[in-house]
Amino acid sequence: MAVAIKIGDTNRKYEGQSNKMASCSMLRHRISMASLIQAIAVAEYLSFYRAANALGVSQSSVSARIKALEEELGILLFERNTRGVRLTDAGRLFVERISAGVEHLDHAVKSAGMAALGECGRLRMGVHGLIPHSFLAKLIGRYRSTYPGIELEIAEGTAREALMQLRTDQLDIAFVVGAPDPPDCHSRRIWTEPLVTAISDRHPLAAREHVTWAELADETFLVRPGGPGPQVHDHILLRLSGQWPPPSILRVGVERASLLSMVGQGFGVTLLGAASSLSSVAGVRFLPIVDEPEPVVFSAVWSPFNRSAALRNLLDLADEMKQPL
C-alpha cells in the first residue's frame with residue numbers, strides 16, 4: 001500500500017527562482033506504508049534493532065528502508081551513533097505528522113470495515129407509531145443494544161408518507177400496517193397482533209370479556225388521519241358493509257394518546273392492535289373482537305437499491321424475533 005505524501009508547497013510568485021528550489025517546493029513522493037511504519041517504530045525505540053524486533057523483520061531491512069526514505073526525501077531523519085539513533089529536528093516533525101496520518105488512516109479503515117458490517121453509521125426508520133412493550137419497541141431496543149454504533153433516526157407518519165420517503169431516499173425502512181406490495185419496493189410481513197377495540201370504562205360493554213362486530217355496529221368510530229388511521233377506516237367499512245345505517249366514522253386530527261383520551265371521555269370507540277392494551281390507559285378498556293377473522297399484519301418496506309448492512313442486520317434481527325405468521 002502506498003500513501004501520497006506532499007512535501008512543501010508551490011507559490012507562483014517564486015516561479016523565477018532556481019529550478020532546484022522549484023523542484024524541492026513541488027516535490028511529491030509516493031512512499032510505501034512499510035517505510036512510514038518503520039520510521040515511526042525507529043522513532044519510538046530509537047534503535048534499528050529493537051524496531052526490527054517489534055515489527056518482526058530484519059534489522060537490515062529496517063536500516064535499508066530508512067536510508068532509502070531519507071534519500072528519497074533529501075532529509076536526514078535520524079542521526080546514527082555508536083549508542084543508537086536519535087531524531088533530527090526535521091525527523092521529529094516528519095514522524096509527528098506521519099503518525100497522525102497513519103492513525104487517521106487506521107481509523108478510516110476500521111470505520112469502513114464497521115460500516116460494511118453494519119456496526120456503525122445511520123439507519124432512518126419510519127413507523128406508524130411506537131407503543132411501549134410492542135414487538136416494534138422490543139425490536140428497536142434489541143437492535144440498539146446489539147448495534148450501539150448505529151445512529152437510529154425514527155419518524156412517525158402514514159404508510160403513504162413512508163413510501164414517498166423511501167422512494168426519495170429519506171428513509172431506509174418503514175414499518176407499516178397491512179401487507180403492501182409496491183412494485184418498486186421490497187416488503188416483508190414481520191409480525192401480527194389480534195385486533196381489539198378501545199372503549200370507555202363507563203360504556204355498557206365495558207364489563208364484557210370480548211365483543212363482536214355486530215355489537216359495535218351502532219358505535220361512533222374515532223379514526224386518525226395519520227398513523228394507521230386510513231387502514232382502520234377501510235377495515236371498519238369492510239367489516240360493517242351491508243349494515244344500515246352505515247357505520248359512523250369520525251376523523252379526529254389528534255395523536256394516539258389524545259385519541260385514547262377521547263375514547264375514555266366517551267366520544268366513541270376505536271380499533272387498535274393488541275399491543276396497545278399492554279399499557280393501561282385511564283378510563284379505557286381494551287376488548288378483543290372475537291369474530292374478527294384475521295389479526296392485524298405489520299410489514300417492513302424498503303428500497304431494493306438500499307444495500308445498507310445496517311438495514312440487513314435489522315431485518316435479520318426482526319426475522320429472528322418474530323412470531324410465526
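Those strands (runs of 3 or more DSSP E) of region 150-263 in which at least 3 residues are acidic (Asp, Glu), considering only elements entirely within it, cover 150-156. If only residues of region 61-77 that are in contact with a Ser or Thr (Cβ under 7 Å, 6 or more places away or on another chain) and either of a type in the set (Ser, Thr, Tyr) or buried (at least 19 other Cβ atoms within 10 Å of the Cβ) (or both) are counted, the one that is nearest to TYR49 (Cα to Cα) is ARG65. Just to be sure I understand, how many residues within region 222-240 are touching a residue at least 24 places away in the same chain (Cβ under 8 Å) and loosely packed, with under 14 Cβ neighbours inside 10 Å? Result for region 222-240: 1.
Remark: pairs (first residue in region 174-198, modelled with pLDDT under 90; second residue assigned to a loop (DSSP other than H, G, I, E, B); Cβ separation under 9 Å; 6+ apart in sequence or on different chains) = VAL177/HIS128; VAL177/GLY227; VAL177/PRO228; GLY178/PRO228. Screening region 120-163 for residues that are farther than 20 Å from ARG307 by Cα, in contact with a Gly (Cβ under 9 Å, 6 or more places away or on another chain) and among the hydroxyl-bearing types (Ser, Thr, Tyr) and picking the one that is modelled with the highest pLDDT gives SER134. One residue stands out in region 177-210 among those that are open to solvent by less than 20 Å² (accessible area, probe 1.4 Å) and among the polar types (S, T, N, Q): the one that is nearest to LEU163 (Cα to Cα), namely THR197.
Within region 273-295, restricting attention to residues that are part of a strand (DSSP E or B) and in contact with a helix residue (DSSP H, G or I) (Cβ under 8 Å, 6 or more places away or on another chain), the residue that is surrounded by the most Cβ atoms within 10 Å (Cβ to Cβ) is VAL284.
The residues of region 124-149 that are closer than 15 Å to ASP316 by Cα, touching a helix residue (DSSP H, G or I) at 6+ places or on another chain (Cβ under 9 Å) and exposed (fewer than 14 other Cβ atoms within 10 Å of the Cβ) amount to a single one, THR146. Assess whether VAL284 counts as being touching a residue at least 60 places away in the same chain (Cβ under 8 Å), β-branched (Val, Ile, Thr) and under 20 Å from HIS186 (Cβ atoms). When the stated conditions are applied, VAL284 does not pass them. Among residues of region 241-261 being farther than 14 Å from GLY229 by Cα and out of contact with any Ser or Thr (no Cβ under 7 Å at 6 or more places or on another chain), the one that is surrounded by the most Cβ atoms within 10 Å (Cβ to Cβ) is PRO247.
The values are calculated or read from the model by the stated rules, or taken from the named source; none is laboratory data. What you are looking at is a predicted structure, and each value in this text was computed from that prediction instead of being measured. For neighbour counting, all protein chains shown are included, and Cβ atoms are generated from backbone atoms with ideal geometry for every residue, glycine included. Note: areas computed on protein heavy atoms with side chains; ligands, DNA, RNA excluded. Shrake-Rupley method; radii C 1.70, N 1.55, O 1.52, S 1.80 Å.
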